[in-house]
Structures are given as structure tokens and as C-alpha cells.
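The values are calculated or read from the model by the stated rules, or taken from the named source; none is laboratory data. Bear in mind the structure is a predicted one, so any value in this text is a computation, not a measurement. All Cβ positions, even for glycine, are placed from backbone atoms using ideal geometry, and neighbour counts span all protein chains on display. Each accessible area value is taken on the protein alone, full model and side chains, heavy atoms only, with ligands, DNA and RNA left out. Shrake-Rupley method; radii C 1.70, N 1.55, O 1.52, S 1.80 Å.
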Amino acid sequence: QLQLVESGGGLVQPGGSLRLSCAVSRSIFSFYIRGWHRQAPGKQRELVASITRGGMPNYADSVKGRFTISRDNAKNTVHLQMNSLKPEDTAVYYCNGEDLDDGRDYWGQGTQVTVSS
């Protein structure tokens, strides 16, 4: 069973940093990790950042200049470096990807990010 495995969430003070990682559970050339979404309590899931297979990033306006998404093609892993974190960044963060062979969409289990003093 193919899975997306997320890591790196936690509790951090405002202004702090965290680095999230998303990896595929087994080696598969056709898999494409698109990026990260987040969902705060009582709110809809929203796109945080995405990255093309060629490495072109795209960011939500709320995180531009603070978050950086990157791809390690050799390990089929995507990272999200989050700096200058704010309380409003508190949410469960999910990575998302697709098996390009069959078009099936995959989501990770989510990792909690809490920004609080």
C-alpha cells in the first residue's frame, strides 16, 4: 500500500521555525508529490505551497516570504521550511501527491503544527 509519510510538526513559539518533510513509503518513479495543504479548526483545507516536477514553487499569499518548498528528486521527498511562524499558521498540515501511472490522488495522515507562546 503506497503512503505519504509526513514528519516535522510540533509546537513552536511565534517567530520560530519548523521544517516539514513528506516522503513516499516505497520507491516509485511515477509518483509526484505536489505540495502541502493545511486545515485549521473550523476552516476549510487550503493550499500552502506546491512545487512542479521541475522545481517551480507556488505559495499562498499568507506564507510568501516566510515558507520555502523544495524537492529532492533522488529521494522523492518534498520539504517545507517554515520561518517566522505566526499563531495563524497553526493547523494540521497535509502533503498531497499523485501516482502518474493511474492518476490516483494520495494524502498524508497530517502533522500538527502549533504556534503559541
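For the stretch 25-70, taking the residues that are surrounded by 10 or more Cβ atoms within 10 Å (Cβ to Cβ) and of a type in the set (Lys, Arg), the one that is nearest to residue 93 (Cα to Cα) is identified as 38. All of 83, 96, 73 fail the test of being at negative phi, of a type in the set (S, T, N, Q) and open to solvent by 80 Å² or more (accessible area, probe 1.4 Å), apart from 73. Can you say whether residue 47 is touching a Lys or Arg at 6+ places or on another chain (Cβ under 8 Å) and either among the hydrophobic types (A, V, I, L, M, F, W, C) or not in a helix (DSSP H, G or I) (or both), as far as the supplied structure shows? No, not satisfied. Annotation: of all residues in the stretch 99-117 being assigned to a strand (DSSP E or B) and hydrophobic (A, V, I, L, M, F, W, C), the one that is most open to solvent (accessible area, probe 1.4 Å) is 107. Filter the stretch 54-94 for residues that are under 18 Å from residue 29 (Cα atoms) and among the basic types (Lys, Arg) and give the result. Matches in the stretch 54-94: 71, 75. Confirm whether residue 4 is surrounded by 15 or more Cβ atoms within 10 Å (Cβ to Cβ) and of a type outside the set (Gly, Ala, Ser). Yes: the conditions hold for residue 4.
The C-beta contact set for the stretch 78-97 (first residue under 19 Å from residue 44 (Cβ atoms), second residue hydrophobic (A, V, I, L, M, F, W, C) and in a loop (DSSP other than H, G, I, E, B), distance under 7 angstrom, 6+ apart or interchain) comprises 90/40; 91/40.
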